[in-house]
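The next block holds one structure in the form of structure tokens; read it before the comments.
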Amino acid sequence: MSTTLNANTRGFALSVAITSILSTLLVIAKELNEGLLKFMKAVTVHHWVTHGIFDVVIFLALGFLLSKSNSGQGPAIEDEKLTTVLVSCFLLSSVGIAAFYLIHG
């Protein structure tokens, strides 16, 4: 594997990609499930605050776990592939939320 990025950079970059997908799924789930939305509103002052806390916790947890994976070497992924994964997840998340609101708006 050829990479110029350290284990933390690769781990947290993958965490961003995964968190963006999970955040998109949470947006859709809470819009379709009134019970989940009410629960998230009850946890903090607003469902978006709860959503943000969820995103930060997931990002940090996955980032630390992924950074320590592969015997402390981090994810075995080349720089170019990591870039592709990040951009793809960002685009998929953006299109997913936009499509959801266009359809269910």
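Bear in mind these aren't lab numbers, they're just calculated from the coordinates by the rules spelled out. What you see is a predicted model, and the numbers here were worked out from it, not measured in a lab. Backbone-built Cβ (ideal geometry, glycine too); neighbour counts: all protein chains shown.
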For this session: Scan segment 53-60 and give yes if some residue there is among the aliphatic types (A, V, I, L, M), in contact (Cβ under 8 Å) with a residue 24 or more places away in the chain and under 29 Å from Ile103 (Cβ atoms), otherwise no.
Result: yes
For this session: Restrict the check to segment 30-47 and report whether at least one residue is closer than 12 Å to Ala13 by Cα and either of a type in the set (Ser, Thr, Tyr) or exposed (fewer than 15 other Cβ atoms within 10 Å of the Cβ) (or both).
Result: no
Problem set entry | Residue list for segment 34-74, filter: of a type in the set (S, T, N, Q) and within 12 Å of the chain's Cα centre (by Cα) | none
For this session: For segment 67-81, state whether one or more residues are of a type in the set (Gly, Ala, Ser) and free of Cβ contacts under 8 Å to residues at least 24 places away in the same chain.
Result: yes
Problem set entry | Counted residues, segment 57-68 - those being touching a helix residue (DSSP H, G or I) at 6+ places or on another chain (Cβ under 9 Å), within 16 Å of Thr19 (Cβ to Cβ) and surrounded by fewer than 16 Cβ atoms within 10 Å (Cβ to Cβ) | 4
